[in-house]
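Notes follow the structure.
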Amino acid sequence: MNFYIDPAFYVFLAIAIIPAAVLGFTGHRIKYYGLAASTVFLLLLFGEDWQGMAAFAAFLLIACAATFWELASWRQGEKALWKYRTALALVIAPLIIYKIAAVFDGNLMGFLGISYITFKAVQVVIEVRDGIIEDMDFIDYLYFLVFFTPFTSGPIDRSRRFTEDANRIYSRSEYADLLARGILLILVGAVYQKVLGTVFYHYFTPAPLGDGPWWRELAGQVKDAYMYGFYLFFDFAGYSLMAMGASYCFGIKTPRNFRAPFLAKDVREFWDRWHMTLSTWLRDFVFMRVVKSATRRKLFKDRLHTACAGYMANFMLMGAWHGLTVDYLVYGAYYGALMGATDIYQKKSAFHKKHKKKTWYKALQWFVTINLVMLGMAIFSGQLHTVIGGLIHG
């Protein structure tokens, strides 16, 4: 059963929300019921995919063992770097094995949701190392990993925020507000995904360049890039809204994932608005650490060059996280270069500093940004690959 796709999912979700609502309205903690409901939904998700279920179970065992081994060592004052690195390697290994195997059409250690659950597990390991997490209840950790509503595609929550919600007992009025907002988010998300996403996908018809006039062929390619961009937004934002809404019904205020990304005036602002939980995760756990390490080792001559290196590492990892294919890796390099170029331009350009508050300049920035973003969509979808391949073999 596919979450937020199969009609049966919505039936089971509606049934599962009823006991959660009873607990919420009567002033009881929903956590233990939520964990039980998540277990049932994950069994439904994997269905007859015994290989995926076995890989998921193996990941849980590895993540729990590595995390609590590191946590126990930290509590005892044994802050050995090798233990942290070992725990981190163990948690990341299944995803790396899966991504490499996928290049050869294999499926080792793979299961639905592996990318997002790995990010959550890695986050906890790093925060234990940083001293942010000094103790964690096993049930809270397990619930954080297996909570079903954002399991397959996010949004990516933070463990401390999630645990605070999971252990909270809401008043009747507080839960009533959460439930109402949750149901509304599910309905709006369904319209985004099922209606608007379907409409835009209908007009996404990628094909190599034809023999028509160049301007007509170019217009067709631009149209496809825009249609895919709008489709991806409404499909993914719709899914994210439904995941948020279902979470609210279980007393978990899963964070927002999109905030009008196509209104961004530069690519940096775009990533502050698009898939926000992923971009902030990468910023906190990759970009900032790369910059800090490079600065400490004096690898670059100034902060701007260091930041550019950090952007490239950040977005190349993001591309590889989507998949070890040419399209995804080029997509990551594209945004790494764009982010660095944007930083340099905004900090070095006298023209930008002089006109950045003017309306005409903001409109020009938006126009340039939306087209750069849609070119990124053409790379991500494989459309540009198809066009270039057609030109080479044509």
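Let me have the relative contact order for region 272-394, percent, based on Cα pairs under 8 Å that are six or more residues apart.
Numbers: 89 pairs, mean separation 23.4, N = 123.
About 19 percent, as a whole number.
Report the calculated FRET efficiency for Gln51 and Trp82 (r = Cβ-Cβ distance, R0 = 51 Å), to the nearest 0.05.
Values: r = 33 Å, r/R0 = 0.64.
Given R0 = 51 Å and the Cβ-Cβ separation, E is 0.95.
Count charges around Thr277 for me, please; just the other residues with Cβ under 9 Å from its Cβ, Lys/Arg as +1, Asp/Glu as -1. Please list the in-between numbers first.
Numbers: positive: Arg158, Arg256; negative: Asp157.
Once positives and negatives cancel, what remains is +1.
Give me the accessible area per residue for region 119-206, probe 1.4 Å, as a whole number in Å². Don't jump to the answer; show the numbers that get you there.
Details: 3960 Å² over 88 residues.
Averaged over the residues of region 119-206, the accessible area is 45 Å².
Which one of Ile156, Leu196, Leu145 is farthest out on the positive end of the charge dipole of region 136-199, using unit charges on Cβ (Lys, Arg +1; Asp, Glu -1) and the Cα centre as origin?
Leu196
Assign unit charges at the C-beta atoms only (+1 for Lys and Arg, -1 for Asp and Glu), then state the dipole size of region 308-394 relative to its Cα centre in Debye, rounded to the nearest 20. All intermediate terms of the calculation are to be shown ahead of the outcome.
Values: 8 positive and 2 negative charges, 164 e Å.
Computed charge dipole of region 308-394: roughly 780 debye.
Placing unit charges on C-beta atoms (Lys and Arg positive, Asp and Glu negative, everything else neutral), compute the dipole magnitude of the chain about its Cα centre in debye, rounded to 20.
Details: 40 positive and 28 negative charges, 412 e Å.
So the dipole magnitude of the chain works out to roughly 1980 debye.
Please list 214-224, 320-330 highest first by mean number of surrounding beta-carbon atoms within 10 Å per residue. Intermediate results must be reported in sequence, preceding the final value.
Numbers: 214-224: 13.5, 320-330: 16.0.
So the order, starting with the most tightly packed, is 320-330, 214-224.
Show me the helices of the chain, taken as full DSSP H stretches, that run 20 Å or more along their long axis by Cα and average 0.0 or above in Kyte-Doolittle hydropathy.
Working: long enough: 7-25 (27 Å, 2.21); 31-46 (22 Å, 1.50); 50-75 (37 Å, 1.04); 81-103 (32 Å, 1.41); 114-129 (22 Å, 1.04); 172-190 (27 Å, 0.98); 214-249 (52 Å, 0.28); 303-322 (29 Å, 0.39); 326-348 (32 Å, 0.05); 359-381 (33 Å, 1.10).
Qualifying helices, which must be both long enough and hydrophobic enough, are 7-25, 31-46, 50-75, 81-103, 114-129, 172-190, 214-249, 303-322, 326-348, 359-381.
Lys347: which aspartates and glutamates have alpha carbons under 16 Å from its alpha carbon, excluding same-chain residues fewer than 8 sequence positions away?
Asp266, Glu269, Asp302
Using C-alpha positions alone, give me the convex hull volume of the chain per residue in cubic angstrom. Walk me through the numbers on the way to the answer.
Values: hull volume 68.8 nm³, N = 394.
Hull volume normalised by residue count: 175 Å³.
Enumerate the residues in region 32-57 having an amide nitrogen under 13 Å from the point lying 7 Å beyond the Cα of Met1 toward its Cβ.
Those under the cut-off are 37-48.
Taking the mean number of other Cβ atoms within 10 Å as a proxy for protection, how do you rank 90-98, 384-392 from highest to lowest? Could the numbers behind the result be given before it?
Values: 90-98: 18.8, 384-392: 14.1.
By packing density, highest mean first, the sequence is 90-98, 384-392.
What is the extension gain from Ala65 to Phe300, computed as 0.36 nm multiplied by their sequence separation minus the C-alpha to C-alpha distance, in nm to one decimal?
Working: separation 235, 0.36 × 235 = 84.60 nm, distance 3.83 nm.
The Ala65-Phe300 span can extend by a further 80.8 nm.
What pairs in Lys265/Lys292; Lys301/Lys357; Lys265/Lys353; Lys83/Lys298 have C-alpha atoms more than 19 Å from each other?
On the way: Lys265/Lys292 28 Å; Lys301/Lys357 31 Å; Lys265/Lys353 15 Å; Lys83/Lys298 27 Å.
Long pairs (Cα-Cα over 19 Å): Lys265/Lys292; Lys301/Lys357; Lys83/Lys298.
The values are calculated or read from the model by the stated rules, or taken from the named source; none is laboratory data. Because the structure is predicted, anything quoted here is derived from the model rather than measured. Every residue, glycine as well, gets a Cβ built from its backbone with ideal geometry; the counts of neighbours run over all protein chains shown. Just so you know, the surface numbers come from the protein's heavy atoms only, side chains and all, with ligands and any DNA or RNA stripped out. Shrake-Rupley method; radii C 1.70, N 1.55, O 1.52, S 1.80 Å.
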